[in-house]
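Data block below; observations after.
Read-outs throughout are calculated quantities, based only on the coordinates presented, and are distinct from any laboratory measurement. Everything quoted here is computed from the prediction, not taken from an experiment. Cβ placement follows ideal geometry from the backbone for every residue including glycine, while neighbour counts extend to all protein chains displayed.
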Amino acid sequence: MSDGEEARVLEKALSSYYHYEEYALNEIWKPRMCKWMSLSNLQKSKIPWYGKYLGELKRCIMKNAEFYRLVVQRSVAYWGCNPNPDQWSQPTSYDMDKTVLMFTQILREWSQECQDERDLLLTRLRAFLNQEIPNKFERRVVKVLIPGAGLGRLIVDLVNDGFCVEGNETSYHMLLLSRFILNGEHPKEGLTIYPFVHTFSHQLSHEHQLRPIRIPDVRISEMLNGVCSMSMSAGSFVDLYGPPLGIKWSEYYSADIEMIRYREQNASSVRIVVTNFFIDTGSNILDYLETISHVLEDGGYWVNFGPLMYHYENDSQVEVTGDIDPTTGEVKNVNRFVPVKGLELSLNDLIQVACDQYAFDIIAKEIGIKSGYGRDPTGIALLGYMCNYWLFKKRKKSFSIC
Ligand SMILES: C[S@@+](CC[C@H](N)C(=O)[O-])C[C@H]1O[C@@H](n2cnc3c(N)ncnc32)[C@H](O)[C@@H]1O
């Protein structure tokens, strides 16, 4: 992406946060108000509290909008954006839906309500780390990489455990909000959101639906202990940490000479890669395997948690790929019609390829762990995923001595 295109994508994400109030009132509150108004007086009298409930629903949406306005206000200066929102690229309905979904992501990562959900990975990961690297002085030089880091909670948890952690994220929706949360100096539970107001099914009561949630559930600056061993890189995981060459050129893997050098430098630079609800997000799972293998040092570990719900399975879009000439960096043999769907390897196939082709050994593996994703603990539905946990070790290269 050129710098201009990049700036437009950022502006669109920012603009979608800016327009949340208008969107949520139109799409969520207004139809319900119209439905209520359309009832006969007799039916209205059967649920006399409903009008007040809709008033409260509107108030909660407006409070959410206040929260997003603060995010926008703090982001403009930091990201160097044009301060006039009227001149920003307009968000699509996909961008707007994402602003609604981001409340679930905040709940998942930064609320006390989802601690049990986060613990499913954390307890397993910490058991391994406490056994493998118990020494806190050694931990300071152990580099952990978290691709698809979302809003950065796992980064903070692992920095708090003493590691040097780099997150990586490609979505500006995530990057804008994670920066606001991570660097905002917010007191514990100093911010209020209403994450359940966008969902009307499976609610225990309307009071539960309208209840506020306080975030963050920890004081982040205290968890970081003043130690600056946390960073977040912006861009595609494969583009930043993959092999210098050897993957097909695409929107996610550039032929830019600086990027090729950067990928070269990142070879074997990390002791542990943690993928949390991430490995099913790409259009080519082999690109992810190549990248994890490239960035890990020999004897390094890959910890994975999450389902295999391939994000592009039902997506009919195509992407453009090509070959990168290793001597000139020129892109050749461009194919404009590569389906984004495809290569959805089953769990067993994925593990076999990782072991046979990418030199991983299985240290631990658990299949079928039930987990929600930003699940409302008071909700009355069986929503969630069957997740897989594994701990793989990258084999050391064996050298033959003649
Ligand atoms: C399902 S979310 C998981 C977020 C977080 N790890 C968690 O467990 O809550 C997947 C994340 O991966 C990010 N992502 C998808 N493709 C990526 C890529 N190629 N490089 C970096 N991040 C990517 C998405 O933007 C999204 O934030």
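Just a few scattered comments:
- Beta-bridge orientation, the chain: approximately 60 percent antiparallel, per DSSP, counting only bridges with both partners inside.
- For segment 261-276, the Karplus equation 6.51 cos²θ - 1.76 cosθ + 1.60, evaluated at θ = phi - 60°, returns couplings of 5, 4, 5, 4, 5, 7, 4, 6, 9, 10, 8, 9, 10, 10, 9, 10 Hz by residue, with Gly and Pro reported as x.
- Between 0 and 90°, nearest 10: helix 3-18 axis offset from the chain longest Cα axis: 30 degrees
- Normalised contact order of segment 96-394, rounded percent, pairs of Cα under 8 Å and 6 or more residues apart: 19 percent
- Top positive-direction residue, dipole computed over segment 1-91 with Cβ charges, set SER40, TYR20, GLY4: SER40
- Placed amide H near GLU319: partners under 5 Å, 5+ positions off or other chain: VAL338, VAL340
- Backbone geometry of segment 173-188 corresponds, through the Karplus equation with coefficients 6.51, -1.76 and 1.60 at θ = phi - 60°, to 3J(HN,Hα) couplings of 4, 5, 5, 4, 6, 5, 5, 4, 6, 6, 10, x, 6, 7, x, 4 Hz, x marking Gly and Pro.
- Amide H partners (placed H, <5 Å) of SER233, local residues excluded: GLY167, ASN168, GLU169
- Segment 80-120: C-alpha gyration tensor shape, a/c 1.5 cut-off, then a/b vs b/c: prolate
- In the chain, the calculated helix contribution to ellipticity at 222 nm averages -12500 deg cm²/dmol per residue, counting -39,500 (n - 2.57) for every DSSP H run with n ≥ 4.
- Net dipole in debye of segment 1-91 [+1 Lys, Arg Cβ; -1 Asp, Glu Cβ; about Cα centre; nearest 20]: 860 debye
- Highest-first packing order for the peptide set 45-55, 282-292, 2-12 is 282-292, 2-12, 45-55, based on the mean count of other beta carbon atoms within 10 Å.
- Paramagnetic reach from ASN335 (point 7 Å along Cα→Cβ, amide N under 17 Å) across segment 267-301: 283-288
- Cα shape, segment 262-395, gyration tensor, a/c 1.5 rule: oblate
- Dipole of segment 53-92 [Lys/Arg +1, Asp/Glu -1 at C-beta], most positive-end residue of GLY55, TRP79, PHE67: GLY55
- Straight-distance crosslink candidates among lysines, where the alpha carbon sits under 17 Å from LYS58 and sequence neighbours closer than 8 are dropped: LYS30, LYS35
- For segment 10-38 versus segment 83-117, the gap between their alpha-carbon centres in whole angstrom: 13 Å
- Set of lysines with alpha-carbon distance to LYS332 below 17 Å, sequence-local pairs under 8 removed: LYS248
- Using a Förster distance of 35 Å, the FRET efficiency for SER40-THR92 (Cβ separation, nearest 0.05): 0.35
- Cα shape, segment 242-307, gyration tensor, a/c 1.5 rule: oblate
- Relative to the Cα centre, the charge distribution of segment 59-105, modelled as +1 at Lys and Arg Cβ and -1 at Asp and Glu Cβ, gives a dipole magnitude of about 220 debye.
- Remark: for residue pairs LYS12/LYS341; LYS341/LYS396; LYS63/LYS365; LYS365/LYS397; LYS136/LYS393; LYS98/LYS394, the C-alpha separation exceeds 32 Å in LYS341/LYS396; LYS63/LYS365; LYS98/LYS394.
- Residue ranges 327-337, 156-166 sort as 156-166, 327-337 when ordered by packing (mean number of other C-beta atoms within 10 Å per residue, highest first).
- Entry note, segment 1-86: relative contact order of 45 percent, from Cα contacts under 8 Å with a spacing of 6+ residues.
- Only the Cβ atoms of Lys and Arg (+1) and of Asp and Glu (-1) were treated as charged; on that basis the dipole of segment 96-394 about its Cα centre amounts to roughly 660 debye.
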